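Heads up: the structure comes next, in structure tokens.
The values are calculated or read from the model by the stated rules, or taken from the named source; none is laboratory data. Just so it is clear, the structure is predicted and the values come from calculations on it, not from any experiment. Glycine also receives a Cβ, built like all others from the backbone with ideal geometry; neighbour counts cover every protein chain displayed.
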Amino acid sequence: MKNKGLANTIIALVPILVLVGLLALNISIFGSDAILGASQVALLFAAGVCVWLSIWLYKTPWKDFEDAIKANVGDVTTAIVILFLIGAISGTWMVSGVVPTFIYYGVKIISPKVFLLTAAVLCAVVSVMTGSSWTTIATIGVALLGIGRAQGFSDGLIAGAIISGAYFGDKISPMSDTTVLASSLNRVHLFDHIRYMVFTTGPSILITLVIFTVLGLSHSKADAAEIQVYTDILASHFHITPWLFVVPVLTGLMIWRRMPALVVLALSTLTAAIAALIFQPDLVLGIGSGITEGSRARLLLAGTVETVYNTVTIGTGNETMDALLTSRGMLGMLNTVYLIICAMCFGACMQASGMIRQLSRMLVPLTRTRTGLVASTVTTGTVLNGLVSDQYLSIILTSNIFRDTFERKGYENRLLSRSVEDSATVTSPLVPWSSCGMTQATILSVPTLAYAPFCFFNLISPLMSILVAAIGWKIKRPDTQPKVK
């Protein structure tokens, strides 16, 4: 039986090793362009290996795989629509002048010495309000990226500060879908879950903010002349006015009223498109004239629609600014959607074949102690992000795998829900082929491998969870555990 279990574990590892090998080969050949198609091929090929092994060795019916793929892809349809709307926002917020206005005033007001700290804190606050790291990064995050570039910071470091703050806020927001999912799956009251996370999340974000403060203070001050070039270019190509802040303020009000994310994103896109027609009519006319001919109204309509769905570059004559002022539109999200669907197919095949369950059994011997139990949970949540490529699936699977073990050993359910959030939620943007990793890399135009080393909160949080378990801070012993009502 032991030999059979070992053989099954080795078989379950084969699709993983194939995927890792192909992804490594793709990155060595295509670099950051691997997301354009090579990574998708790798995911589908690894899924094919999984299906072939399962049908050949375990006689798994094809229908099981088909049903799992339908369920997995169906689960991310809302996320796909959100991605398209994020692409639309990136276009309208750029052409309307909202993002350029943020950059213009930001480089004048925010000192480079405290920029990284400010970026992390701002994103944390917005993410708590929105309950969405994706929305935060797609709006205020893009603007902060421009400010940081103007002040001489590297793209990876800026993105690391933005993502660290956004995922901290997402994790402790009562409006976050991942927070609600982790607490509800493990039968923990939402606010009990959030309060319990403070014991690991609090130290993690404090350490992160200290690191960003030190890095900011050690940063060489940006050349004032270079910053002036940035602001002059922005002022010459956009009508910069505080009135443009009406768009993000209205977006914030909709979020505060807890309107659905799809509605908020759609109305924010519409509001920004109207702002573009009011404040940047010449720019919109120029975009429209490159598409069609006709009356002024026809050109304005063409330019507005082009801004929403297509990639638009504002030519300034400055290569750095041209890259900064390029928006992707809805079409720019297609490669990410393509990759997400392929990743969901791979995760579905691994799930339907039972290989994920088999791999999880490898960790059972490590759960004898409190530290080992939490470490195994954190490790599983992190690894599953790489296997199933989706944080929601990682949260669900990790909770299901360890729930019985936590209950059998008498530990609190909120210890499980916290361990799941400390791993499956926060490490998701660190995996290049996961839905979060792909999305953030696409939105910020910064490769995942470039920003991952600087996502200090996301790296520290899983380790802090294990450390707190080892210390036993606020973890009730099994013999004092109250009965679950």
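When Q440 is tested against (1) modelled with pLDDT of 80 or more; (2) assigned to a helix (DSSP H, G or I); (3) over 30 Å from R328 (Cα atoms); (4) of a type outside the set (G, A, S), exactly one condition is not met: (3). Looking at region 138-200, the helices (runs of 4 or more DSSP H) lying wholly inside it that each contain 3 or more residues that are over 24 Å from G329 (Cα atoms), under 20 Å from the mean Cα position of the chain (by Cα) and not acidic (D, E) sit at 155-172, 177-185. Taking region 290-336 as the range and being more than 21 Å from the chain's Cα centre (by Cα), assigned to a helix (DSSP H, G or I) and small (G, A, S) as the test, the residues that pass are A297, A302, G303, A323. Within region 71-110, if we keep just the residues that are of a type in the set (S, T, Y) and in contact with a helix residue (DSSP H, G or I) (Cβ under 9 Å, 6 or more places away or on another chain), the residue that is modelled with the lowest pLDDT turns out to be T78. Among residues of region 111-127 being surrounded by 20 or more Cβ atoms within 10 Å (Cβ to Cβ) and more than 23 Å from S220 (Cα to Cα), the one that is modelled with the lowest pLDDT is V126.
Of all residues in region 24-58, those being of a type outside the set (F, W, Y), at pLDDT 75 or above and surrounded by 13 or more Cβ atoms within 10 Å (Cβ to Cβ) number 19.
Tell me yes or no: at least one residue of region 111-132 is assigned to a helix (DSSP H, G or I) and either under 22 Å from L393 (Cβ atoms) or aromatic (F, W, Y) (or both). Among the residues of region 111-132, at least one is assigned to a helix (DSSP H, G or I) and either under 22 Å from L393 (Cβ atoms) or aromatic (F, W, Y) (or both), which makes the answer yes. For region 408-421, taking the residues that are basic (K, R) and in contact with a helix residue (DSSP H, G or I) (Cβ under 8 Å, 6 or more places away or on another chain), the one that is surrounded by the fewest Cβ atoms within 10 Å (Cβ to Cβ) is identified as K409. Evaluated against (1) within 15 Å of G372 (Cα to Cα); (2) buried (at least 22 other Cβ atoms within 10 Å of the Cβ); (3) modelled with pLDDT under 90, P462 falls short on exactly one condition, (3).
So that you can scan it fast, the table gives a plain yes or no per residue for (1) among the acidic types (D, E); (2) free of Cβ contacts under 8 Å to residues at least 12 places away in the same chain; (3) surrounded by fewer than 24 Cβ atoms within 10 Å (Cβ to Cβ); (4) in a helix (DSSP H, G or I):
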| site | (1), (2), (3), (4) |
| --- | --- |
| Y338 | no, no, yes, yes |
| C349 | no, no, no, yes |
| Q358 | no, no, yes, yes |
| P365 | no, yes, yes, yes |
| G372 | no, yes, yes, yes |
| T377 | no, no, no, yes |
| L384 | no, no, no, yes |
| S394 | no, no, no, yes |
| S423 | no, no, no, yes |
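The number of residues in region 411-421 that are in contact with a Phe, Trp or Tyr (Cβ under 7 Å, 6 or more places away or on another chain) and part of a loop (DSSP other than H, G, I, E, B) comes to 0. Applying the set (1) within 25 Å of L117 (Cα to Cα); (2) surrounded by fewer than 24 Cβ atoms within 10 Å (Cβ to Cβ); (3) not hydroxyl-bearing (S, T, Y) to V188 leaves exactly one unmet item: (1). For region 270-303, filtered to residues that are β-branched (V, I, T) and at pLDDT 90 or above, the residue that is surrounded by the most Cβ atoms within 10 Å (Cβ to Cβ) is T271. Taking every residue in region 108-121 that is at negative phi and pairing it with any residue that is assigned to a loop (DSSP other than H, G, I, E, B), at least 6 positions away or on another chain, the pairs with Cβ-Cβ distances below 6 Å are P112/Q151; P112/H219; P112/K221; P112/A222; F115/Q151; T118/I110. Residue pairs whose Cβ atoms lie under 9 Å apart, separated by 6 or more positions or on different chains, with the first residue in region 45-74 and free of Cβ contacts under 8 Å to residues at least 60 places away in the same chain and the second outside any helix (DSSP H, G or I) and of a type outside the set (A, V, I, L, M), are I55/P61; I55/S353. If the condition is being outside any loop (DSSP other than H, G, I, E, B) and at pLDDT 85 or above, then region 218-236 contributes A235, S236.
The residue that is nearest to V107 (Cα to Cα), counting only those in region 237-289 that are hydroxyl-bearing (S, T, Y) and assigned to a helix (DSSP H, G or I), is T251. Condition (residue is within 26 Å of G315 (Cβ to Cβ), of a type in the set (F, W, Y) and buried (at least 20 other Cβ atoms within 10 Å of the Cβ)) applied to region 210-223: is it met by at least one residue? No - not one qualifying residue is present in region 210-223.
Rundown of residues vs (1) among the small types (G, A, S); (2) touching a helix residue (DSSP H, G or I) at 6+ places or on another chain (Cβ under 7 Å), yes/no style:
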site	(1), (2)
G332	yes, yes
L339	no, yes
M344	no, yes
A348	yes, yes
Q358	no, yes
M362	no, yes
R368	no, no
V374	no, yes
G381	yes, yes
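Scanning region 334-375 for residues that are modelled with pLDDT under 85 and of a type in the set (D, E, K, R) gives R357, R361, R368.
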